[in-house]
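Okay, structure first, notes after.
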Amino acid sequence: MKKKYYFWRKSYLIAMDNTEQKLLTQIKAGNENAFKKLFYLHGDKLYLWAFKLIGNASAAEDLVQDFFVRYWEKREILSFFPSFSAYAYKSIYNASLNYLRDNERFVHGYEITIDLVDTDVEEEDLYELQRLLQKAINELPERCKKIFVMATLEKKKYSEVADQLGISVNTVKVQVSKAYRLLKEKIG
């Protein structure tokens with residue numbers, strides 16, 4: 001049985017595998033083989049997580065690759081509490097939200113971008129899709145709708161939305177992600 005390191009944080013007991021801890025120590029020292037092992041250990045799972053969040057295979061691949069490149073570049077200063085996995089999944093989650101925000105699935109005036117519709121959409125069909133989008137936005141839960149409109153349609157930064165509504169930035173991120181998911185379910 002592998003030895004585990006235990007950390008106590010916010011009443012949760014979290015275990016970090018001794019093998020992973022050794023890899024992280026070796027990576028911090030610049031060991032590229034240890035880095036490759038860590039990539040092969042977590043890369044596929046992180047890719048699936050990113051793909052689930054954004055629904056775009058090549059973008060999910062890019063997010064995971066960017067995460068590992070940034071990790072390698074900052075390996076000497078990063079430490080992982082409670083674990084590398086927790087840090088990696090949270091980083092991919094945040095990068096996915098940024099991707100969704102920055103690649104504008106929705107733009108001002110409720111226009112629908114190419115991400116959501118086929119390129120051969122007729123003008124009258126586009127009007128119908130805009131109407132459906134407006135209807136779907138109006139059907140969002142009130143708090144979710146307000147946060148979504150402020151963050152995406154009014155183009156306010158998450159921190160601005162959080163300050164104006166007296167909530168955390170993380171709550172804004174979660175609600176915007178929830179809105180995208182609900183809208184995608186309703187519109188297709």
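The values are calculated or read from the model by the stated rules, or taken from the named source; none is laboratory data. Remember, it's a predicted structure, so these values are computed and weren't measured experimentally. Using ideal geometry, Cβ is built from the backbone for each residue, glycine included, and neighbour counts are taken over all protein chains shown. Only protein heavy atoms, including side chains, enter the accessible area calculation; ligands, DNA and RNA are left aside. Shrake-Rupley method; radii C 1.70, N 1.55, O 1.52, S 1.80 Å.
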Could we say that residue 98 is under 20 Å from residue 180 (Cα atoms) and open to solvent by less than 80 Å² (accessible area, probe 1.4 Å) here?
-> yes
Close pairs from segment 82-97: first closer than 19 Å to residue 18 by Cα, partner in a helix (DSSP H, G or I) and of a type in the set (A, V, I, L, M), Cβ under 7 Å, at least 6 apart | 84/24; 88/46
Taking the residues in segment 44-74 that are modelled with pLDDT of 85 or more and either of a type in the set (Asp, Glu) or not in a helix (DSSP H, G or I) (or both) as candidates, determine which candidate is most open to solvent (accessible area, probe 1.4 Å).
-> 73
Looking only at segment 20-43, decide whether some residue is part of a helix (DSSP H, G or I), at pLDDT below 85, open to solvent by 20 Å² or more (accessible area, probe 1.4 Å) and out of contact with any helix residue (DSSP H, G or I) (no Cβ under 8 Å at 6 or more places or on another chain).
-> yes
Tell me, which helices (runs of 4 or more DSSP H) wholly within segment 107-188 include 1 or more residues that are modelled with pLDDT of 90 or more and loosely packed, with under 15 Cβ neighbours inside 10 Å?
-> 142-148, 158-165
